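The values are calculated or read from the model by the stated rules, or taken from the named source; none is laboratory data. These numbers come from a predicted model, not from an experiment. Note that each Cβ is placed from the backbone with ideal geometry, even for glycine, and that neighbours are counted across all protein chains shown. Ligands, DNA and RNA are excluded from the accessible area calculation, which covers all protein heavy atoms including side chains. Shrake-Rupley method; radii C 1.70, N 1.55, O 1.52, S 1.80 Å.
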Amino acid sequence: MRVVVTGGAGYIGSVVTDQLIDEGHDVLVIDDLSKGHRDAVHEAAAFVQGDLGERTKVAAALYAFRAEAVIHMAASSLVGESVSDPAKYYCANLTTGLALLDAMRQSSVSRLVFSSTAAVYGNPAKQPIEESDPTTPTNPYGATKLAFEQALRWYGAAYGLSSVSLRYFNAAGATEFRGERHDPETHLLPLVLDVAAGRRSEVLVYGNQYQTPDGTCVRDYIHVEDLARAHTLALEHVNVAGQSRAYNLGCGGAGYSVRQVISAASRVTGHTIPCRVVAPRAGDPATLVASSHRISRELGWKPRRHLLEHIIESAWRWNLLCLARTTRATA
Ligand SMILES: NC(=O)c1ccc[n+]([C@@H]2O[C@H](COP(=O)([O-])OP(=O)(O)OC[C@H]3O[C@@H](n4cnc5c(N)ncnc54)[C@H](O)[C@@H]3O)[C@@H](O)[C@H]2O)c1
């Protein structure tokens with residue numbers, strides 16, 4: 001299939017692009033490199049540097065590439081920033097997303113896989129979270145992702161768009177070639193590994209009085225390769241005109257607390273990881289764990305690397321590789 005990946009120079013997008021190419025698809029990455037890295041894009045993928053908001057340019061790129069489907073991963077995704085600057089998030093995640101849908105209509109592309117998030121659920125009343133549970137986001141990031149999901153349903157009914165929204169829980173880990181390089185980094189695991197590698201002095205733990213076994217927040221970590229595989233599966237199923245479907249993507253189980261992640265990282269790396277408890281962040285739910293039964297039942301997806309230690313090991317290998325590259329470059 002001829003697939004366009006928006007945000008394909010980012011962390012998850014680069015792994016999705018690699019898998020698509022490995023499976024024999026033709027890929028065009030569109031990315032403005034505001035957060036991504038040109039060297040993270042597979043050399044066999046075509047690349048257009050541009051902002052998705054530039055509808056004419058994007059429509060021309062889709063048309064020239066003879067795109068058959070789009071995986072839309074480009075977004076602004078810092079929860080804290082979305083609270084202090086909601087206008088940026090409505091523009092980046094909703095207005096820009098709608099411009100992409102217009103460009104797709106203009107170039108007759110009617111299949112879409114969308115990177116959504118667990119943040120659409122807000123502070124859920126029960127765990128594990130199912131797709132049919134209430135969606136009441138507690139920050140503009142989650143609200144803009146949900147608003148775009150809702151647009152997909154109406155675009156399906158009116159224009160025949162076929163879409164799948166994948167609600168990721170916490171993506172983590174690395175492949176042999178790709179890993180997390182966010183700037184600023186806000187995700188727990190890379191921050192913890194930066195401390196293990198001596199690049200930071202301590203990890204901040206936001207609150208230890210939550211209603212969880214050790215008082216720190218519990219999250220559902222999913223290996224980025226498992227996440228990427230869900231996209232290639234979704235592509236095979238995104239072919240019923242007018243249908244839109246949402247799927248959770250997590251490993252389920254009990255999830256892992258912040259303290260469990262820090263202890264596991266200390267075991268895997270062999271380094272002590274100092275941490276300091278600070279005030280909880282506004283709107284941080286105590287626990288977010290996915291039920292992924294729907295995607296397992298309907299698309300046959302199952303996580304293969306659900307053990308936290310395995311996820312951390314892969315990220316640590318990536319971390320050491322980056323460190324070696326930096327050292328070589330500065331030598
Ligand atoms: N990382 C996670 O744990 C997680 C969890 C839930 C959802 N998500 C979603 O998954 C997607 C990918 O996340 P990630 O962690 O790989 O993020 P990332 O920041 O590494 O990648 C996003 C990419 O999109 C590009 N981009 C942003 N705005 C753009 C625009 N207007 N035009 C063109 N390119 C643009 C950036 O340059 C970057 O390469 C995002 O939509 C995010 O909201 C991520």
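What to note about this one:
- Working from Cα pairs under 8 Å separated by at least six residues, relative contact order for the chain is 19 percent.
- Selection from Asn170, Ala143, Trp154, by position along the positive dipole direction of region 128-242 (Cβ): Trp154
- Its Cα centre serving as origin, region 204-276 has a Cβ charge dipole (Lys and Arg +1, Asp and Glu -1) of approximately 220 debye.
- Size of electric dipole in the chain: Cβ of Lys, Arg +1 and of Asp, Glu -1, about Cα centre, debye, nearest 20: 200 debye
- Three principal axis extents of region 243-327 based on alpha-carbon atoms, in descending order, are 49, 34, 22 Å.
- Counting only DSSP beta bridges whose two residues both lie in region 145-277, roughly 15 percent are antiparallel.
- Angle in degrees between helix 224-237 and the longest Cα principal axis of the chain, rounded to the nearest 10: 20 degrees
- Normalised radius of gyration (Cα atoms, divided by 2.2 N^0.38 Å) for region 112-160: 1.22.
- Charge dipole of region 23-97 (Cα centre as origin; +1 on each Lys and Arg Cβ, -1 on each Asp and Glu Cβ, all else neutral): 220 debye, rounded to the nearest 20.
- Where Lys145, Lys302, Lys88 fall by accessible area, highest first, once all protein chains stay in place (1.4 Å): Lys302, Lys88, Lys145
- Projecting the Cα positions of Gln211, Thr287, His187 onto the charge dipole of region 176-331 (unit charges on Cβ atoms of Lys, Arg, Asp and Glu, taken about the Cα centre) puts His187 furthest along the positive direction.
- Estimated from helices alone, the mean residue ellipticity of the chain at 222 nm is -12000 deg cm²/dmol (sum of -39500 (n - 2.57) over DSSP H runs with n ≥ 4, per residue).
- Shown here is the pair-distance distribution of region 43-157: with all Cα-Cα distances grouped in 5 Å bins from zero up to the longest one, the shares run 2, 11, 20, 21, 17, 13, 9, 5, 1, 0 percent.
- Among Arg281, Arg267, Arg153: highest mean-square fluctuation, GNM of the chain, C-alpha pairs under 10 Å: Arg281
- Across all C-alpha atoms in region 1-79, the radius of gyration and Dmax reach 11.4, 35 Å.
- Annotation: the antiparallel percentage among DSSP beta bridges lying fully within the chain is about 5.
- Only protein heavy atoms count here; on that basis, with a 1.4 Å probe, Cys275 has an accessible area of about 60 Å².
- Sorting the segments 104-112, 155-163 by their mean number of nearby beta carbons within 10 angstrom, highest to lowest, gives 104-112, 155-163.
- Amide proton proximity set for Val29, modelled H, under 5 Å, gap of 5+: Val5, Ala46, Phe47, Val48
- Axis of helix 258-269 versus longest Cα principal axis of the chain: the two differ by about 80°, to the nearest ten degrees.
- Degrees separating the helix 96-106 axis from the principal Cα axis of the chain, which is the longest one: 30 degrees
- Pairs of Cα atoms in the chain fall into 10 Å distance bins, from 0 up to the last occupied one, in shares of 6, 26, 36, 24, 8, 1 percent.
- Distance between region 160-214 and region 41-116 - C-alpha centres, whole angstrom: 23 Å
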